[in-house]
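> First the structure, then my questions, so here it is.
Any read-out appearing in this document is the output of simple, stated calculations on the displayed coordinates, not a laboratory observation. These figures come from a predicted structure and were not determined experimentally. Backbone-built Cβ (ideal geometry, glycine too); neighbour counts: all protein chains shown.
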Amino acid sequence: MHPSFKRLPVIAGLLAGALAAPATAAQSAANPYQRGPDPTEASVTAQRGPFAIASKKVSAFSHPGIREGTIYYPTDTSQGTFGAISVSPGFISPEALVSWYGPRLASQGFVVITLETTTGFDLPEARAAQLLSALDYLKQDTTVRTRIDPARMAVMGWSMGGGGTLRAAQQNPSLKAAIPLAPWDTGVNFGNVQVPTFVMGADNDFIAGTGDHAEPFYEQLRVEKAYMELENAGHFTFTSDNNTIAKYALSWMKRWIDNDTRYNRFLCPPPPGNSATIQEYRATCPY
């Protein structure tokens, strides 16, 4: 064999590597908000993501509009700023019932604040105001203000906190994403919401039944949206660490806060309903 032919595989390998490197760089440059390694089924259901995190307590009434809470944030500052999420609990429920969302989401590359509401009896309208005030607080907090991108913020909440989440999205169209969990609210039409919204409900919810709350809210929305109804689940399913809830909440936040299309595949096409964990899933799926 001629010596030049022997070198062809080596040359081909070098060319392939040279071509692959610019492609990876181009993908990163195309989305400056992308954080973390390529996601897998294992990574989106993991108890903790790739980022080491820290937390700090927000002392009582340290900011107008909120009572207190806990901030969870990545310790890594080498990848730039992160999107931020505020989370509200439900009626007569403490912060502890939504605290698991803090480290779970923060370790995937977000700054998260979970709230203790002003009173347990706060209605959705008051919870909406507190969710938005919490995001404003993050912009000023000395520990995390340089870690967040104030243009990439989202809200999330359970029960009346879910109703508050929808109202916050209604009031602030600049938000990037909203996730109402087993939302409860009355007398409001959310057809004017402009924020991509993922509504989650439970088939055995006897407090905020999906037929009266989650499903009508989803149907009213005229934005990019998804609806998931958990199988064999109740109102309080959302207060305990749950891989299915975490997988779809994380993917939705990544898709819309970070514009990270790597997470599209976990959202669309919709997973089949009537499974061991999901009874029904609907989505606009334009992405």
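> Going by a ≥ b ≥ c, the root eigenvalues of the Cα gyration tensor, does region 207-255 fall in the rounded group (a/c under 1.5), the prolate group (a/b larger than b/c) or the oblate group? Walk me through the numbers before you get to the answer.
Working: a/c = 2.59, a/b = 1.06, b/c = 2.45.
Cα axes put region 207-255 in the oblate bin.
> Let me ask something else. In debye to the nearest 20, how big a dipole does region 149-247 give about its Cα centre with +1 on each Lys and Arg Cβ and -1 on each Asp and Glu Cβ? Mind showing how you got there, number by number?
Details: 6 positive and 11 negative charges, 96 e Å.
That gives a dipole near 460 debye.
> Here's another thing I want to ask about it. Around residue 221, what is the net charge, scoring Lys/Arg as +1 and Asp/Glu as -1 over all other residues with Cβ under 14 Å from its Cβ?
On the way: positive: 167, 222, 225, 282; negative: 185, 215, 219, 224.
Computed value for this residue: 0.
> Considering the dipole of region 58-283 built from charges on the beta carbon (Lys and Arg +1, Asp and Glu -1) around the Cα centre, which of 143, 58, 184 is farthest to its positive end?
Value: 143.
> For the chain, what is the calculated [θ] at 222 nm in deg cm²/dmol (nearest 500), taking -39500 (n - 2.57) for each run of four or more DSSP H residues and dividing by its residue count? Working shown, then result.
Working: 9 runs with 92 residues, N = 287.
Mean residue ellipticity, 222 nm, calculated: -9500 deg cm²/dmol.
> Let me ask something additional. Can you run phi through the Karplus equation (6.51, -1.76, 1.60; θ = phi - 60°) for region 233-248 and list ³J(HN,Hα) in whole Hz, with x for Gly and Pro?
10, x, 4, 8, 4, 6, 9, 10, 3, 9, 5, 5, 4, 4, 4, 7
> Counting other beta carbons within 10 Å of each residue's own, what order do 212, 76, 38, 141 fall into, fewest first?
Ordered from fewest to most neighbouring Cβ atoms within 10 Å, 212, 76, 38, 141 come out as 38, 212, 76, 141.
> Now for a different question. For residue 250, what is the net charge nearby, where nearby means another residue's Cβ is under 11 Å from its Cβ and Lys, Arg count +1, Asp, Glu -1? Intermediate values should be presented prior to the final figure.
Numbers: positive: 104, 247, 254, 255; negative: 258, 260.
So the environment of residue 250 carries a net charge of +2.
> To the nearest 20 debye, what charge dipole does the chain have about its Cα centre, counting +1 at the Cβ of each Lys and Arg and -1 at the Cβ of each Asp and Glu?
Working: 23 positive and 24 negative charges, 264 e Å.
Computed about the Cα centre, the dipole is about 1260 debye.
> Let me ask something additional. Could you state the angle between the C-alpha long axis of helix 8-30 and the longest principal axis of the C-alpha atoms of the chain, as a value from 0 to 90 degrees rounded to the nearest 10?
30 degrees
> Test of the criteria: in region 141-224, which chymotrypsin sites (Phe, Trp or Tyr not before Pro) are in a DSSP loop and have at most 10 other Cβ atoms within 10 angstrom of their Cβ?
Passing sites in region 141-224 are 206.
> Still on this model: Amide H of residue 83: which non-local residues (sequence gap of 5 or more, or other chain) have their own amide H closer than 5 Å, using H built in the peptide plane?
Those lying under 5 Å, H to H, from residue 83 are 111, 149.
> Also: Can you give me the angle between helix 124-140 and the longest principal axis of the chain, using Cα atoms only, in degrees from 0 to 90, rounded to the nearest 10?
Tilt of helix 124-140: around 50 degrees.
> Once both labels are modelled 7 Å past Cα along the beta-carbon direction, what's the residue 42-residue 212 spacing in nm?
Taking the two extended label points, one gets 4.5 nm.
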